[in-house]
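Since the structure comes first, as structure tokens, the remarks are kept for the end.
Throughout, read-outs are computed from the coordinates displayed, never taken from laboratory work. Keep in mind it's a predicted model, so treat the numbers as computed, not measured. Reconstructed Cβ throughout: ideal geometry from the backbone, glycine too, with neighbour counts over all protein chains shown.
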Amino acid sequence: MHWLEVAPELFVFNDCCNVYALRDGRRALLIDLGSGHALSHLPEIGVESVAAVYFTHAHRDQCQGASAALERGLELHFPKAAAAMVEPGSRPDFRMMSPAHLAYPSRFHPPRPMPGAKFDLQAPCLIDWGPYDLELFPAPGHIDHQVAFRVDGPWGSALFCGDALHSRGKVHEAYCLEHDHYTGAGARIAADTLCALRNLRAQRICPSHGPVTDEAVWDAFTVTAERLRALADLKDTILPRRPAVRRLLRPHAGAFHRVSAHLYLWQNSYFLVSEEGAVLMVDVQCKLPDSFHKLYYETLGERPVEVVLISHLHCDHVMGIEELRGHQPLQCWAHESLVEAVENPYALARPWLHNDPAKVDCVLGEAETVRWREYELTAYWFPGQTDFHAVYATEVDGRTVLFSGDNFYPAQQWGGTGGLCGYNGGHPALWRRSAELVMRLEPEWMLASHMQPFVYRRADFEAVVDWSETVAALMREIAPDGNLERCHSPHFLEVRPYVQPAAPAMPVALRVRNTYPRSLTLRVAARLPEGLAGDTATRTIELAAGEEGSLSWELAAAEGLAGMHLVTFDVSDNDGYRGEAAECYVRGAGWYEGM
């Protein structure tokens with residue numbers, strides 16, 4: 001790594017992010033910092049002192065070298081709103097059982113705490129330094145607090161845009177545009193930002209990741225914004241142009257609905273009633289209120305819930321299982337793909353995790369048929385909204401039905417989708433797989449969650465297949481290297497367990513699947529915070545195209561360790577240094593502050 005001259009007095013250092021230097025004689029002002037390696041290379045460009053470092057945003061790859069800068073006495077200036085992501089007292093990942101506990105995190109790659117950093121940048125403002133004027137503009141999208149700097153210098157005007165844009169038509173780590181798990185809102189915000197930045201008429205674009213663009217600048221913004229708007233539209237609905245479909249009931253909250261003679265629905269749970277008197281319940285959303293028990297008794301009498309069947313991992317489908325088991329004996333059944341998520345949710349980095357792990361009593365294999373009373377149910381892996389999802393096929397009151405969870409809805413409800421979201425484990429190919437499964441099974445009714453049972457129409461699922469091809473092609477276009485999985489999923493590198501309690505011995509494994517059509521070599525080292533010890537030696541793994549593998553470490557916590565601690569993993573691959581590109585957490589005593 002070394003400094004490259006972009007224009008007279010303007011330099012870039014290619015690190016885990018681009019670090020830019022505005023030079024004035026023998027001093028410089030830096031924009032973003034990366035790993036901090038740039039600081040030791042400043043003599044290459046004749047710089048003896050750094051006035052300050054200004055950050056476009058607080059993702060870890062922008063500022064993981066903050067401690068080295070602070071040790072040198074440098075001032076670090078961040079956007080004001082970044083404090084909520086950096087300061088330990090306010091950041092959610094240090095105050096919750098898991099960063100995604102009962103929530104969608106909306107912020108990825110959190111940095112280590114940086115005592116001494118300043119959160120004093122707020123647009124609009126003008127920073128006057130030497131011969132340069134740095135004009136600050138909001139640039140939300142990649143992350144909510146991101147800002148851009150328009151700088152006028154001897155070489156004209158340059159826009160330091162953070163990760164608002166990588167290059168013409170491309171964005172860095174597009175999963176960061178997922179501000180929620182089911183809409184294209186983040187991509188639309190990012191497109192609006194690009195249009196606003198385009199209107200600043202800078203002569204060159206200096207991104208945090210990607211090449212400097214100094215030709216056809218307007219076109220680069222325009223094409224990228226157009227692609228992001230198209231992506232937003234495709235994320236909003238998996239059923240473009242399809243008409244509304246008939247729902248099987250009027251979805252009134254709080255009521256106990258009768259769908260058919262032996263099938264009932266309350267809130268987010270279905271109830272299959274046996275002629276022999278027992279009940280099979282599909283999903284338990286939370287600790288069940290007294291009003292539920294009253295309605296249940298008024299509708300179904302003394303019939304016991306004998307089995308709870310789980311559709312997927314989210315808290316509003318599993319969180320009440322153990323509480324209900326405390327009221328009556330029951331068994332929990334689930335497809336084999338769900339067991340880890342149900343029994344140990346903190347092992348995973350996924351949104352909307354539950355905080356009450358449940359025991360799975362009966363594990364159902366792929367396409368396995370199990371008999372409950374007079375019903376036969378067949379279990380299938382059913383990825384879509386999340387990859388930890390299953391569907392169960394059976395016949396009820398003479399109709400073939402699918403207990404289908406959160407994947408597919410009536411076209412008029414949430415665009416017919418539970419969301420295409422990389423953090424949730426969603427992928428266009430997985431959506432296609434599940435749509436094709438539904439068409440093979442040809443049910444009469446789709447028993448969707450959230451009180452949305454509806455009539456199956458084959459044409460809807462044919463539309464989903466077409467949609468999956470369209471959105472996959474667009475996602476590849478947006479990816480800088482054309483790799484959909486690398487750009488649109490944060491799980492390319494995945495550490496498990498993601499959160500674990502402090503202990504004298506704590507194993508962790510970094511999992512990776514090579515989604516490239518070539519071999520992939522990774523070199524990874526653990527970076528431990530104070531209070532943790534263990535082997536930090538660099539490990540290397542080589543994977544052929546399509547191959548999966550893992551690297552393992554064992555950590556140890558100091559006795560009496562308190563609070564939540566961030567462990568990061570420093571990664572290099574065939575294409576260079578990626579920075580601390582993966583993380584996990586160790587939960588000590590006193591970690592929870594009431595959220």
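Can you count the Lys pairs in the chain whose Cα atoms are under 30 Å apart, with each pair 8 or more apart or on different chains?
Summing the qualifying lysine pairs gives 5.
May I ask you to list, by number, the DSSP H helices of the chain whose Cα span along the axis is at least 24 Å and whose average Kyte-Doolittle hydropathy reaches -1.0 or more?
Result, helices passing both filters: 217-236, 458-478.
Over the chain, what relative contact order in percent results from Cα pairs under 8 Å that are six or more residues apart?
It rounds to 11 percent for the chain.
I need the semi-axes of the equivalent ellipsoid of the stretch 66-155: take the C-alpha gyration tensor, multiply each eigenvalue by 5, square-root it, list largest first in whole angstrom.
29, 17, 9
Could you pull the Rg and Dmax for the stretch 489-587, using just the Cα atoms, both in Å?
13.9, 47
Please give the FRET efficiency for Glu469 paired with Cys125, using the beta carbon to beta carbon distance and R0 = 60 Å, rounded to the nearest 0.05.
FRET efficiency, Glu469 to Cys125: 0.85.
Name the long-range amide H neighbours of Tyr270: under 5 Å, sequence gap of 5 or more, or other chain; modelled H, no Pro or chain starts.
HN-HN under 5 Å from Tyr270: Val282.
With θ set to phi - 60°, apply the Karplus curve 6.51 cos²θ - 1.76 cosθ + 1.60 along the stretch 250-264 and write out the HN-Hα couplings as whole Hz, x wherever there is a Gly or Pro.
8, x, 8, 5, x, 8, 9, 8, 9, 7, 8, 4, 10, 9, 10
Could you check the spin-label model distance between Ser40 and Glu5? Points 7 Å from the Cα along Cα→Cβ, value in nm.
Roughly 2.6 nm, to one decimal.
Counting DSSP beta bridges in the chain, what percent are antiparallel, to the nearest 5?
Details: 99 of 132 bridges.
In the chain, DSSP labels about 75 percent of beta bridges as antiparallel.
For the chain, compute Rg over Rh where Rg is the Cα radius of gyration and Rh is the Kirkwood radius from the inverse mean 1/r over Cα pairs.
Details: Rg = 26.0 Å, Rh = 25.7 Å.
Here Rg/Rh amounts to 1.01.
Cα-Cα pairs above 15 Å in the stretch 433-515: how many percent?
73 percent
Using only Cα atoms, what Kirkwood radius does the stretch 1-137 have, in angstroms? Numbers along the way, then the final one.
On the way: mean 1/r = 0.0637 Å⁻¹.
Here the Kirkwood hydrodynamic radius works out to 15.7 Å.
Report, in whole Å, the centroid distance computed from the Cα atoms of the stretch 531-595 and the stretch 454-516.
Rounded to whole Å, the Cα centres lie 20 Å apart.
Please give the Cα centre distance for the stretch 34-103 versus the stretch 283-352, rounded to the nearest Å.
42 Å
Please list 369-381, 13-25, 120-132 highest first by mean number of surrounding beta-carbon atoms within 10 Å per residue.
Order by mean packing, descending: 13-25, 369-381, 120-132.
Evaluate the charge dipole of the chain about its Cα centre and quote only its size in Debye, nearest 20, assuming +1 on the Cβ of each Lys and Arg and -1 on the Cβ of each Asp and Glu.
Around 840 debye, computed over the chain.
In the calculated pair distance distribution of the stretch 3-236, what percentage of Cα-Cα distances lie above 33 Å?
It works out to 14 percent of all Cα pairs.
Separation between the Val455 and Lys287 pseudo-spin-labels, each 7 Å from Cα along Cα→Cβ, expressed in nm?
In this crude label model, Val455 to Lys287 measures out at 4.2 nm.
Would you please give the residues with an amide H less than 5 Å from that of Ala448, counting only those at least 5 places away or on a separate chain, with H modeled from the backbone geometry?
Sorted by chain and number, the residues that satisfy this are Ser404, Phe454.
Need one number: nm distance between label points at Ala68 and Glu542, each 7 Å from Cα along Cα→Cβ, rounded to one decimal.
For the pair Ala68/Glu542, the computed spacing is 2.9 nm.
Suppose the chain between Cys362 and Asn344 were pulled fully straight at 0.36 nm per residue; how much longer would it get relative to their current alpha carbon spacing?
So the chain would gain 4.9 nm between Cys362 and Asn344.
Mind putting a number on the dipole of the stretch 35-161 about its Cα centre? Charges go on the C-beta only, +1 for Lys and Arg and -1 for Asp and Glu, and I need it in Debye to the nearest 20.
540 debye
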